[in-house]
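The values are calculated or read from the model by the stated rules, or taken from the named source; none is laboratory data. Here the structure is a predicted model, which means the values were calculated and not measured. Here the Cβ is made from the backbone with ideal geometry for all residues, glycine too, and neighbour counts use every protein chain on show.
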Amino acid sequence: MPRLFLMLCFGLLPLVALAVVEAYPFESEAERRRYNALIDELRCPKCQNQNLAGSDAPIAQDLRAEVYRLIRDGKSDQEILTFMHSRYGDFVLYRPRLTLETVALWLGPLLLVLIGALVWWRLSRGVAKPSADNAGLSEAEQARLKAVLEKRDD
């Protein structure tokens, strides 16, 4: 049993070595908070729905290093976000800018539901309900209808 435990420990030890730990030196705690806020706000271009802080993709590592470099260069948060947006587009931002495309993306489904409700309302209003007194029929049509109904009852 001790032998199995040792083999298991030594077998799993290389996996720990693969873990990526990025330790960037910051001049102040405010810089560290800015860095963490930015990598939480930026999305990994490769990953489906992960921010830079939670992704282990190589491009996410590169982008974290780029964010660190830009902070060290004295860039503001808005300048960093603009830089990332210009390189990677709207996808890299968790809160995309308000443009015609994003408005269509957010309001398009609502508009389709409203159009569907309008069509349904118009179609439901247009269905004629038969009246009991056969209003709108000429006397000849009423007599023919009465004859058909009487013949059906026999």
Practice item. Kindly list the number of the only condition in (1) part of a helix (DSSP H, G or I); (2) more than 29 Å from Ala37 (Cβ to Cβ) that fails for Gly136. Key: (1)
Review point. So how many residues does segment 66-114 have that are in contact with a Ser or Thr (Cβ under 6 Å, 6 or more places away or on another chain) and surrounded by fewer than 11 Cβ atoms within 10 Å (Cβ to Cβ)?
Key: 0
Exercise for review: Could you tell me which of the residues Leu123, Leu118, Leu63 is surrounded by 14 or more Cβ atoms within 10 Å (Cβ to Cβ) and on the phi < 0 side of the Ramachandran plot?
Suggested key: Leu63
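Taking the stated definitions as given, is Arg95 at pLDDT 80 or above and of a type in the set (Lys, Arg)? Before you say what the answer is, go through the steps one by one.
Working: at pLDDT 80 or above: no; of a type in the set (Lys, Arg): yes.
Here the answer is no, as Arg95 does not meet what is asked.
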Exercise for review: For Asp56, indicate whether it is surrounded by 13 or more Cβ atoms within 10 Å (Cβ to Cβ), over 21 Å from the mean Cα position of the chain (by Cα) and under 28 Å from Asp40 (Cα atoms).
Suggested key: no
